[in-house]
Amino acid sequence: YRFELTLSDTTEKMAAVAGVKAKFLTSGIEKLRLDLVNRTDQRDGRGMTVSAITHNRSAIRFRHENDVLLIDLPASSKAGQVLEFSISYSGIPVTGLLIKENKYGDLSVFSDNWPDKARHWLPTVDHISDKATSEFLVMAPDHWQVVSNGLLQEHSSLGDGMKLTHWKQSVPIAPWLYVLAAADFAVQYVDEFEHKSIQTWVYRQDREAGFYDFAVPTRQVLEYMSNYVGPFAYEKLANIQGNSVGGGMEAASAILYGDDSVTGKRTPRWRYVIVHELAHQWFGNAVTEANWDDVWLSEGFSTYFSYLYFAHADGHDAFVKHMMDARDQVFEFYADEPGYRIVHDNLGDMSKVTTPQIYNKGAWVLHMLRNRIGDENWWAGIRNYYTKYMNDHASTTDFRLEMESVCDCDLGPFFDQWLYQGGNIVLDGEWHYDGSTGTIDVSIAQVQSDGFRFTPDIEIGVFGKDDKVPSVHRLSLGGARGRLTIPVVGKPASVVIDPRTVLLARWTLKETLK
């Protein structure tokens, strides 16, 4: 895609020419279908109007209705054929590209494509399963600085108070990851990572505080993810303050953050958002789920890899706190929707693409999988998965197969229980010390009332009188109830469930006297 856009600081109306190059994989196709929201009276005159479409400079027929643009091909396609079209259009976006005042009252322009709103201002195959390279050539008032995906190609004055800014993204991405921002920015070239520019774009009024806030931890996260997962796919990394999102939006190579992201204090909240959106550059952006039903491959992964980075940067205790907070949020959600499943089934309502459960339970699934197959296998599987599907699409099945190949094990039951069914584990346990045998007897039952059952391995931690670290014993719960006898030297000071924080469950465990 090549988008030539003309923007104004006096009107919301935009004019555009889109160049589309399409390769046809099969023969016999007669029309090219693109998504583009059309102008209607029901939208108060908002939407896009296509004035002409050409191929080899000759006008061709098209139909634009019901938010679909159908372009007649010059002749039925042949397999492997590449055709190019030029689409002239204009209008006021309903959404997707927001032309409005920022918090300082300055008019600005920011995209908001997630999950399927690129069609409101760009003619594309607007689905997560489509990836393409892109260029943005933006004619805009010269007091605005303009940023988009990829590398800056040109920055030229056009006269009459206008200038041209040309960005080119040579790595294929899905339309929801396209970004455009035009505002009175202060711009800092902070650093480089592997000869790729790290940039900060903030409102001019927030220059000092914004440059301070975004100076870290971008380079550190890029290094961590590259070392542990695989290479950074994109040509730069820009952190951009804007008013089209509340938290963050992981657009490829150019991340958007909310109006209030600049505090001058490097707050924990915004530090987490930065790390999370950076992790998305690997999971969600470079490796993209083929269908929104598998969105945990993006959000669950980015959540967990954020926690892994905090373990790396802040220590294991910080990691454990994040996991425990996530577990609490899982059960808060579970109280209202006990049957909710992580992998959807033909999700139709795009407003429900994600939920807090996708983030938090998705992260816990990765954590439990890591504990199940071991660190070495888990990291090998993650690297293989990333290498195989980088700049492509993957499904939950694809991920499972990569992990099975490194552990040489069947992970089907694990994935079925934690991703394809609802429910959560609730345990009721008791333990008893028998001095005559020098043992403790542990009995644990699954007592959740949601109708779902799991077959977890439950770790039991036994603390002796002077122990700072417990001895850890495993109880494999194949049914509703299980028992474990553990030899001890004297009566334990305490017995706990899940001492290493590796199980997504809630429980009670009490001592009984006999």
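Take every Cα pair under 8 Å in the chain that's 6+ residues apart, average their separations, divide by the length, and report that relative contact order as a whole percent. Walk me through the numbers on the way to the answer.
Details: 1110 pairs, mean separation 47.7, N = 514.
Relative contact order of the chain: 9 percent.
Quick one: accessible area per residue over the chain, 1.4 Å probe, rounded to a whole number of Å²?
Numbers: 21710 Å² over 514 residues.
Here the per-residue accessible area is 42 Å².
Only Lys, Arg, Asp and Glu count, each charged at its Cβ (+1, +1, -1, -1), so figure out the dipole size of the chain about its Cα centre, rounded to 20 debye.
Working: 50 positive and 67 negative charges, 72 e Å.
That gives the chain a dipole magnitude of about 340 debye.
Roughly what % of Cα-Cα distances in the chain sit above 43 Å, to the whole percent? Mind showing how you got there, number by number?
Numbers: 35513 of 131841 pairs.
Cα-Cα pairs in the chain separated by more than 43 Å: 27 percent.
Based on the mean of other Cβ atoms within 10 Å per residue, sort peptides 391-400, 427-436, 476-485, 231-240 so the most packed one is first. Kindly include the intermediate steps, with their values, before the conclusion.
Working: 391-400: 17.7, 427-436: 15.4, 476-485: 13.1, 231-240: 21.7.
Going by the mean number of other Cβ atoms within 10 Å, highest first, we get 231-240, 391-400, 427-436, 476-485.
State, as an integer percentage, the relative contact order of the stretch 325-444 based on alpha-carbon contacts under 8 Å between residues 6 or more apart.
Details: 92 pairs, mean separation 36.5, N = 120.
For the stretch 325-444, the relative contact order is 30 percent.
I'd like the carbon and sulfur percentage of the solvent accessible area for the stretch 34-94, probe radius 1.4 Å, heavy atoms only, ligands and nucleic acids excluded.
Reported share for carbon and sulfur atoms: 42 percent.
What are the radius of gyration and Dmax of the stretch 348-507, computed over its Cα atoms and given in Å?
Looking at the stretch 348-507, its Cα Rg and Dmax stand at 18.7, 63 Å.
Relative contact order for the stretch 384-513 using alpha-carbon pairs under 8 Å, separation at least 6, rounded to a whole percent?
On the way: 205 pairs, mean separation 34.0, N = 130.
Worked out over the stretch 384-513, it gives 26 percent.
DSSP loop trypsin sites (Lys or Arg not before Pro) in the stretch 14-61 with at most 13 other Cβ atoms within 10 Å of their Cβ, which ones?
Numbers: sites: LYS21, LYS23, LYS31, ARG33, ARG39, ARG43, ARG46, ARG57, ARG61; in loops: ARG39, ARG46, ARG57, ARG61.
Taking the stretch 14-61 and a limit of 13 other Cβ atoms within 10 Å, the loop trypsin sites (Lys or Arg not before Pro) found are ARG57, ARG61.
Averaged over all directions, how much area does the convex hull of the C-alpha atoms of the stretch 205-302 cover when projected, in nm²? All intermediate terms of the calculation are to be shown ahead of the outcome.
Values: hull surface 25.5 nm².
Over all viewing directions, the stretch 205-302 projects a mean Cα-hull area of 6.4 nm².
For the stretch 119-217, give the magnitude of the charge dipole about the Cα centre (Cβ charges: +1 Lys/Arg, -1 Asp/Glu; no others), in debye to the nearest 20.
Details: 7 positive and 13 negative charges, 44 e Å.
With only Lys, Arg, Asp and Glu charged at Cβ, the dipole is about 220 debye.
For the stretch 188-255, what is the Kirkwood estimate of the hydrodynamic radius, computed as the reciprocal of the mean inverse distance between distinct Cα atoms, to one decimal in Å? Write out the running numbers ahead of the final one.
Working: mean 1/r = 0.0794 Å⁻¹.
Kirkwood radius, the stretch 188-255: 12.6 Å.
Which of the peptides 454-461, 336-343, 249-256 is most tightly packed, and how do the rest follow, going by the mean number of other Cβ atoms within 10 Å of each residue?
On the way: 454-461: 18.9, 336-343: 15.6, 249-256: 26.6.
Top of the packing list down: 249-256, 454-461, 336-343.
From the helices alone, meaning DSSP H stretches of at least four residues, give me the mean residue ellipticity at 222 nm for the chain, per-run term -39500 (n - 2.57), in deg cm²/dmol to the nearest 500.
On the way: 9 runs with 125 residues, N = 514.
Helix-only estimate at 222 nm: -8000 deg cm²/dmol.
Could you work out how much longer the chain between SER58 and ASP72 gets when fully extended? Use 0.36 nm per residue separation minus the Cα distance between them, nm to one decimal. Can you show the working numbers first?
On the way: separation 14, 0.36 × 14 = 5.04 nm, distance 1.24 nm.
Extra length available between SER58 and ASP72 comes to 3.8 nm.
Using a Förster distance of 30 Å, how high is the FRET efficiency between GLN42 and LYS265, based on the Cβ-Cβ distance and rounded to 0.05?
Working: r = 45 Å, r/R0 = 1.51.
After rounding, the FRET efficiency stands at 0.10.
Chymotrypsin sites (Phe, Trp or Tyr not before Pro) within the stretch 101-167: which are DSSP loop residues with at most 15 other Cβ atoms inside 10 Å? It would help to have the intermediate numbers written out before the result.
On the way: sites: TYR104, PHE110, TRP121, PHE136, TRP144, TRP167; in loops: TYR104, TRP121, TRP144.
Taking the stretch 101-167 and a limit of 15 other Cβ atoms within 10 Å, the loop chymotrypsin sites (Phe, Trp or Tyr not before Pro) found are TYR104.
Starting from 0.36 nm per residue, how many nanometres of slack lie between LYS352 and ASP317 once their C-alpha separation is accounted for? Working shown, then result.
Details: separation 35, 0.36 × 35 = 12.60 nm, distance 3.32 nm.
In short, 9.3 nm is gained.
A 19 angstrom limit on the alpha carbon distance is what I want to check against. Which of LYS236/LYS265; LYS31/LYS78; LYS13/LYS117; LYS103/LYS236 exceed it? Display every interim value, and only then the final one.
Working: LYS236/LYS265 25 Å; LYS31/LYS78 12 Å; LYS13/LYS117 17 Å; LYS103/LYS236 27 Å.
Cα-Cα > 19 Å for LYS236/LYS265; LYS103/LYS236; rest within.
The values are calculated or read from the model by the stated rules, or taken from the named source; none is laboratory data. Computed from a predicted model, the values in this text were never measured in an experiment. For neighbour counting, all protein chains shown are included, and Cβ atoms are generated from backbone atoms with ideal geometry for every residue, glycine included. Heavy atoms of the whole protein, side chains included, go into the accessibility calculation; ligands, DNA and RNA do not. Shrake-Rupley method; radii C 1.70, N 1.55, O 1.52, S 1.80 Å.
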